[in-house]
Amino acid sequence: MKPNYIAEPFRIKSVEPLKMLTREEREAKIKAAHYNVFGLNSQDVYIDCLTDSGTNAMSVNQWAGVMLGDESYAGATSYQHVIESATEIFGFPYIQPVHQGRAAEKVLMPLLLEGKKYAIANMFFDTTRGHAVMAGGIPVDCVVPEALDTSLRLPFKGNMDCKKLVELIKEYGKENIGVIIMTITNNSAGGQPVSVANIREASKIAHDNGIPFMIDAARYAENAYFIKQREEEFKNASIKDIVTECFKHADCFTMSAKKDAIVNMGGLLGTRDKALFEKIKQRCISFEGFVTYGGMSGRDLEALAIGLKEGIDEDFLRYRIGQLEYMAARLDEAGIAYQTPVGGHAIFVDAKKMLPHIPWYQYPAQALAVELYKEAGIRGCDIGSYMLDRDPVTHKEQESKFEFTRLCIARRVYTRAHLDIIVDALIELKKSASKIKGLKIIEEAPVLRHFTAKLEQL
Ligand code: F0G
């Protein structure tokens, strides 16, 4: 029996044709791309699961908003619409639009880390980690240990390890910590949610020690949906009320709007501190653009104002998370290991378990990503030792805690048939998994190598 699939709460008006190459053609394409999925052209990909960021389908209302976008340099109505939507949802007095999540990080992180040494997060996303480092800080992950066991089915595996957080604050000295960050959902741990109880506790610890508490809000709506499903106190609350509750405990937030605000480009930054906001505006004007557009065109601001509201619609979220749950149920039936329970935006296949014969230094998750492309034209990516890169000091290869092949599902883009193709391809690959070969890097950049490295099959 096929697991339950929640039908799309929309119908399709505009379509984007897909081309399907033959297996031989795909083998040639991935070879020419040096076994790096970032080297593939999108027209050679059948189902693109590289990311759920900026790859989402906009609604008719958003496209209508695009036409209404006000391109004025200063004081545009579209800016006002974004501020209205964002204020209503997040309840912050000061909000600044920026062009994407990492732009918010670039503007804010140096302000938070001025004269400080550490930034602690449940788990940093790469760009957030990068901006903490570039601001002279040392980023420290502090996720609950349960996150590391992919077979454990617990409701909030994205949580901060609050006991360890207290110990770290004692060890580093509270005066040396610039910010405590909660990433919701916890992308690097497999899109795992964080509970309100954990947000409250971590925020209290931060505030008791005089440290600002920040939310990295990329997938805040999916996180709120999980809270509604899994945290007793909120089972009758609206998604918006849950979001309000989560954000109430934060002093500031950064947000990539390319995920849960269902736009192709955009970001937000929020603070409650007027003096900090003045500094944010100055940096925004220098790096992003004037405060009323923040690096965005008016049409993108308008789409964002609308997408923010669509992203917290419960019917949409039920269908959206339902797509992931449907795939997860099929993977369970097939005995394919992934980070369980399934998170909000992607299936994180446990490549360590699927390809136990490939050691971490031959990048099992990247090897599986390559095979999935060959098998069915599916593009996923490595979240493992290949992406982790070398140690910046010793330049030695490092073993990652996880070897995930991440298969992201873009919002409102693919149908159940596409999802079945992804699962079927994994099932097919599992049958002959022992024949899959590891990879070797033959050329790599000194930082962020996974985007451009060239590899060879062993
Ligand atoms: N924070 C989190 C948790 C993210 O997942 C991302 C992006 C960012 C910040 C940065 O936002 O891309 O708008 O600058 N994640 C994408 C991904 C790229 O594929 O997971 P951005």
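Just to confirm a number: summing +1 for Lys and Arg and -1 for Asp and Glu over residues other than Pro193 whose beta-carbon lies under 12 angstrom from that of Pro193, what do you get? Value of the local net charge: +2. Over all other residues within a Cβ to Cβ distance under 14 Å of Lys2, the charged ones net out to -3, with Lys and Arg as +1 and Asp and Glu as -1. What you get for the chain, charging only the Cβ of Lys and Arg (+1) and of Asp and Glu (-1), is a dipole of about 440 debye around the Cα centre. Here Lys163 is the anchor, and the aspartates and glutamates within straight C-alpha reach of less than 15 Å, apart from those fewer than 8 places off in the same chain, are Asp141, Glu146, Glu171, Glu201, Asp208.
Each peptide among 321-333, 33-45 gets the average number of other Cβ atoms lying within 10 Å of its residues, and from highest to lowest they stand as 321-333, 33-45. Within the same chain, lysines fewer than 8 places from Lys431 are excluded, and of the rest, those with a Cα less than 27 Å from its Cα are Lys2, Lys19, Lys29, Lys31, Lys352, Lys353, Lys374, Lys401, Lys440. Shown for the chain: the carbon plus sulfur share of the solvent-accessible area, taken with all protein chains present and a 1.4 angstrom probe, equals 53%.
What the Cα convex hull of the chain gives, in volume per residue, is 142 Å³.
Close amide H pairs (under 5 Å, H built 1.01 Å from N) link Gly267 with Val98, Gln100, Ala257, residues at least 5 positions away or on another chain. Beta-bridge orientation, the chain: approximately 60 percent antiparallel, per DSSP, counting only bridges with both partners inside. Only DSSP H runs of four or more residues enter the estimate; each adds -39500 (n - 2.57), and after division by the residues of the chain the mean residue ellipticity at 222 nm equals -12500 deg cm²/dmol.
Each Lys and Arg contributes +1 and each Asp and Glu -1, all at the Cβ; summed about the Cα centre of segment 330-425, the dipole is approximately 320 debye. Against the chain, whose longest principal axis comes from its Cα atoms, helix 23-32 is set at around 60 degrees. Within segment 12-40, what residues put their amide N at less than 17 Å from the label point 7 Å along the Cα-to-Cβ vector of Trp63? Inside the label zone: 12-18. Candidates Met58, Thr77, Ile47 compared by Cα position along the dipole of segment 37-103: farthest toward the positive end lies Thr77, with charges placed on Cβ. Among 112-118, 424-430, sorting by the average number of other beta carbon atoms lying within 10 angstrom of each residue, highest first, gives 424-430, 112-118. Averaged per residue, the chain has 41 square angstrom of accessible surface, using a 1.4 angstrom probe with ligands and nucleic acids left out. Couplings 3J(HN,Hα) for segment 181-187, derived from phi with the Karplus relation 6.51 cos²θ - 1.76 cosθ + 1.60 (θ = phi - 60°), are 10, 10, 8, 10, 5, 7, 4 Hz, where x marks Gly and Pro. Counting only Cβ charges, +1 for Lys and Arg and -1 for Asp and Glu, the dipole size of segment 4-94 around its Cα centre is about 360 debye. Quick one: what does P(r) look like for segment 60-310 with 5 Å bins over all Cα pairs, in whole %? For segment 60-310, the pair-distance distribution reads 1, 7, 14, 18, 20, 16, 12, 7, 3, 1, 0.
The values are calculated or read from the model by the stated rules, or taken from the named source; none is laboratory data. All values derive from a computational prediction rather than experimental measurement. Positions of Cβ are backbone-derived with ideal geometry, glycine not excepted, and every protein chain shown enters the neighbour counts. The area values use the complete protein model at the heavy-atom level, side chains included, leaving out ligands, DNA and RNA. Shrake-Rupley method; radii C 1.70, N 1.55, O 1.52, S 1.80 Å.
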